[in-house]
1. Please build a GNM for the chain, connecting alpha carbons under 10 Å apart, and tell me which residue among ALA93, ALA164, ALA123 fluctuates the most.
2. Could you tally the net charge around TYR198, taking each other residue with its Cβ under 15 Å from the Cβ of TYR198, Lys/Arg +1 and Asp/Glu -1?
3. What value does the chain have for Rg/Rh, both radii from Cα atoms and Rh as Kirkwood defines it?
4. Taking a ≥ b ≥ c as the square roots of the eigenvalues of the Cα gyration tensor of the range 60-178, is the shape rounded (a/c under 1.5), prolate (a/b larger than b/c) or oblate?
5. Quick one: net charge of ILE27's neighbours, Cβ under 9 Å, K/R +1, D/E -1?
6. Using packing as a proxy for protection, rank 60-71, 78-89 so that the peptide with the highest average count of other Cβ atoms within 10 Å comes first.
7. Less than 15 Å Cβ to Cβ from LEU109, Lys/Arg counted +1 and Asp/Glu -1: what total charge do the surrounding residues give?
8. Shape of the range 16-75 from its Cα gyration tensor (a ≥ b ≥ c, root eigenvalues): rounded if a/c is under 1.5, otherwise prolate when a/b > b/c, or oblate?
Amino acid sequence: MRKYFLLFALLSACTSSSLEKQDKLHIEMLNVGQGLAFLIKSKNCNSLYDTGTPSSGLDTMLQNRGIKALCSVIVSHRHNDHAGGLPLLEKMAKNGEISIKRVIFFDSLSRGDTIADFLPWTARILFQDGALRISDSQNSFLFMADLEAKHEKNILELEPLLTATALQIGHHGSKTSSSWEFLAQVQPKMALISVGKYNSYGHPHPETLAKLRLVLPDSMQLFRTDLDGNVVVEWVYGVGMWGL
Ligand SMILES: [Zn+2]
């Protein structure tokens, strides 16, 4: 199995027993083809950020992982490749296979709102249609859904010092997202692209991949569902995160 570590703190200073006691976040970019769905597992809660397409197999993926309850299903926007799995979840709930506490649509949220399901991590809404930043004191994960360069510009006007350790690359790696200005400011150490194998859109675009090769300190920290399948990011609170 491909395994690349990315640690941003002195892990060696932590004994395994002290790590055991730390809060952990398990973020999995599910291989839903040409769509987007993340499963985020914390100590108290399982959540989804987007749900993939109607044919993504999200229901089977959740069953295979033993997920029987979701605190929140966060939906960036209502396009079929992001919200299309909602009927599958509704069917599971109706059959008693899963309980879902709440579905949160981004269009019901405002900039600055926070989602408490990931405490002690801070999860803050940066912008409409999917910009969600989860952070601890050391690292951060920025979800961008399908946001494009014009939205990145808007975000940087509001957050000129924005950075992220891990960045979900907007719009499946389209060349209309991931502007130089945005990548240069955010300075991701890890990039994640959810994209269907042999998709008809040509995602991810070679220009986006070329930019990421230059921006990422280590080109091996680019993860793609079409090449890598499900991608897991493990995150120990206040210690570090690494991709698997
Ligand atoms: Zn999309």
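No lab work stands behind these numbers, since they all come straight from the coordinates. Nothing here was measured: the structure is a model prediction, and the numbers come from that model. Methodologically, a virtual Cβ is constructed for each residue, glycine included, from the backbone with ideal geometry; neighbour enumeration extends over all protein chains shown.
1. So, out of ALA93, ALA164, ALA123, the one fluctuating most is ALA93.
2. With Lys, Arg at +1 and Asp, Glu at -1, the net is +1.
3. Over the Cα atoms of the chain, Rg/Rh equals 0.94.
4. It comes out prolate by the Cα gyration axes.
5. Summing Lys and Arg as +1 and Asp and Glu as -1 gives -1.
6. 78-89, 60-71
7. Combined, the nearby Lys, Arg, Asp and Glu give 0.
8. Prolate is the answer for the range 16-75, as a/c is 1.5 or above and a/b outweighs b/c.
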